[in-house]
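Notes to accompany the following structure.
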Amino acid sequence: MALAYFYFFASMLKGGETQYVYIDADDTADSVRAKLSPIAASSAMSGFNCLASYVGYYDHLRTGRYALEPGMGAVTVLRRLRNGQQSPVRLTIPEVRTLDRVAALFSRKLMLDSAAVAAAFADSAFCAALGHDSCTLPALFVADTYEVYWNTPLDKLMERLSQEHDKFWNEERRTKAQAAGLTPDEVCTLASIVDEETANLDEKPMVAGMYINRLKENMPLQADPTVKFALKDFAAKRIYRKMLDTESPYNTYRNAGLPPGPIKIASSDGIDAVLNYEHHNYLYMCAKEDFSGTHNFATTYKEHLDNAARYAKALNERGIK
């Protein structure tokens, strides 16, 4: 009896910390044993193998991320693996600029292939099933942290994220979007530009108001971040005149109105700044010459040129090209 307890019920783990075992679709009996052996006492591992073979576990592996806790014996570990009692993963959707980055994140955190995810994001039928196209798909993602299972298929994951999107876009937010003359996707698109223009939370509603004024006046947005996105040159510190001629539907110097979709996954602060934009008469803005990350605003083009000249002078004095 004492020997049976030693093999089957005594703590299986070597250390005193919770260990995580990932079982994927390619695993076999040998690979599962190889994953367990480094963290399990040899005697307990023998007991686990005996039980696993007896109940046929190795013939019916269940994928997932499993938490093995100190004090768990071979019987408990086997029951957890055999029954698919997973431990969820905390998946944080970041405010990234391209969906390739999202695909890479999904691959790092979940049992998904980044190339397959990226291909799905570019597939018109896949996007249409979610109510989007490949340009507006970034508007589906709400930057936040979610608990999901490691082996969640992409279609189920996107279904979950769509539900989170719908919860975020409650009646209050939808009403504010309508009052601003924008759809939720358009709010996310404008918010992505606002986010790229300023990290200052207090200034975001002011920037949003300036762009909404431009939209109402049928003026081009002329937003520098859209040029960077069109060029895929996110490290550019200055926007030169020749860059403004870049041929792209995202270049708001060449094209009127909003770009075809967000230039990044917008922050919730950016979205709420657009929904609660500041009402003013400004039509122009330029980064402040003190490099504080905030802007000088102007109602006339002449004022704007003066602001732009001061900023250009400050850039030249610092040797920023």
Can you compute the helix-only [θ] at 222 nm over the chain? Use -39500 (n - 2.57) per DSSP H run of at least 4 residues, normalise by all residues, nearest 500 deg cm²/dmol.
-14000 deg cm²/dmol
Suppose we look only past 27 Å in the calculated P(r) of the stretch 190-321. What percent of the Cα-Cα pairs does that tail hold?
13 percent
How much length would be gained if the chain were fully extended between residue 26 and residue 42, taking 0.36 nm per residue of separation minus their Cα-Cα distance, in nm to one decimal?
3.3 nm
What accessible area, in Å² to the nearest ten, does a 1.4 Å probe give for residue 237?
150 Å²
Averaged per residue, what accessible area in Å² does the stretch 3-105 show with a 1.4 Å probe, protein chains only?
52 Å²
If you bin the C-alpha pair distances of the chain every 10 Å from 0, what whole percents do you get?
5, 22, 23, 16, 13, 10, 7, 2, 0, 0
With +1 at each Lys and Arg Cβ and -1 at each Asp and Glu Cβ, the charge dipole magnitude of the chain around its Cα centre, to the nearest 20 debye, comes out at 660 debye
Students often get this wrong: which residues of the stretch 60-80 have the backbone nitrogen under 20 Å from the point 7 angstrom along Cα-to-C-beta of residue 14?
66-75, 77-78
If we count every other residue with Cβ under 13 angstrom of residue 258's Cβ, Lys/Arg +1 and Asp/Glu -1, where does the sum land?
0
Nearby aspartates and glutamates by direct alpha-carbon distance to residue 14 (threshold 12 angstrom, same-chain neighbours under 8 apart not counted)
69
For the stretch 212-321, with +1 on Lys and Arg beta carbons and -1 on Asp and Glu, the positive-most of 229, 283, 219 along the dipole:
229
Solvent-accessible area per residue, Å², over the stretch 121-251 with all protein chains present [probe radius 1.4 Å]:
49 Å²
I need the calculated FRET efficiency for the pair residue 219 and residue 159, taking r as the beta carbon distance and R₀ as 45 Å, to the nearest 0.05.
0.70
How much of the calculated P(r) for the stretch 34-81 lies past 15 Å, in percent of all Cα pairs?
41 percent
To the nearest 0.05, what FRET efficiency results for residue 125 and residue 244 with a Förster distance of 30 Å applied to their C-beta separation?
0.25
Students often forget the sequence filter, so: which lysines lie under 30 Å Cα-Cα from residue 167 once same-chain residues fewer than 8 apart are removed?
109, 156, 176, 204, 216, 264
Taking the Cα-to-Cβ direction at residue 299 and at residue 236 and moving 7 Å from each Cα, how far apart do the two end points lie in nm?
3.2 nm
Please state the shape class of the stretch 120-188: rounded when a/c is under 1.5, otherwise prolate if a/b exceeds b/c and oblate if not, all from the C-alpha gyration tensor.
oblate
Apportionment of accessible area to carbon and sulfur, the stretch 81-240, percent (1.4 Å):
46 percent
Using the basic label-point model (7 angstrom from Cα toward the beta carbon), what is the residue 104 to residue 116 distance in nanometres?
2.0 nm
Rolling a 1.4 angstrom probe over the protein chains, ignoring ligands and nucleic acids, what is the accessible area of residue 279 in square angstrom, nearest 10?
140 Å²
Top of 205, 262, 38 by mean-square fluctuation, Gaussian network on the chain, Cα under 10 Å:
38
Estimated FRET transfer efficiency when R0 is 41 angstrom, pair residue 278-residue 62 (beta carbons, to 0.05):
0.15
Measure off 7 Å from each Cα along the Cα-to-Cβ vector at residue 83 and residue 35, then give the distance between these two points in nanometres to one decimal.
1.9 nm
Considering the dipole of the chain built from charges on the beta carbon (Lys and Arg +1, Asp and Glu -1) around the Cα centre, which of 105, 39, 320 is farthest to its positive end?
39
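The values are calculated or read from the model by the stated rules, or taken from the named source; none is laboratory data. From a predicted model like this one, the values you see are computed outputs, not experimental measurements. FYI the Cβ positions are ideal-geometry reconstructions off the backbone, even for glycines, and counts take in every protein chain you see. What goes into the accessible areas is simple: the full protein's heavy atoms, side chains included, and nothing from ligands, DNA or RNA. Shrake-Rupley method; radii C 1.70, N 1.55, O 1.52, S 1.80 Å.
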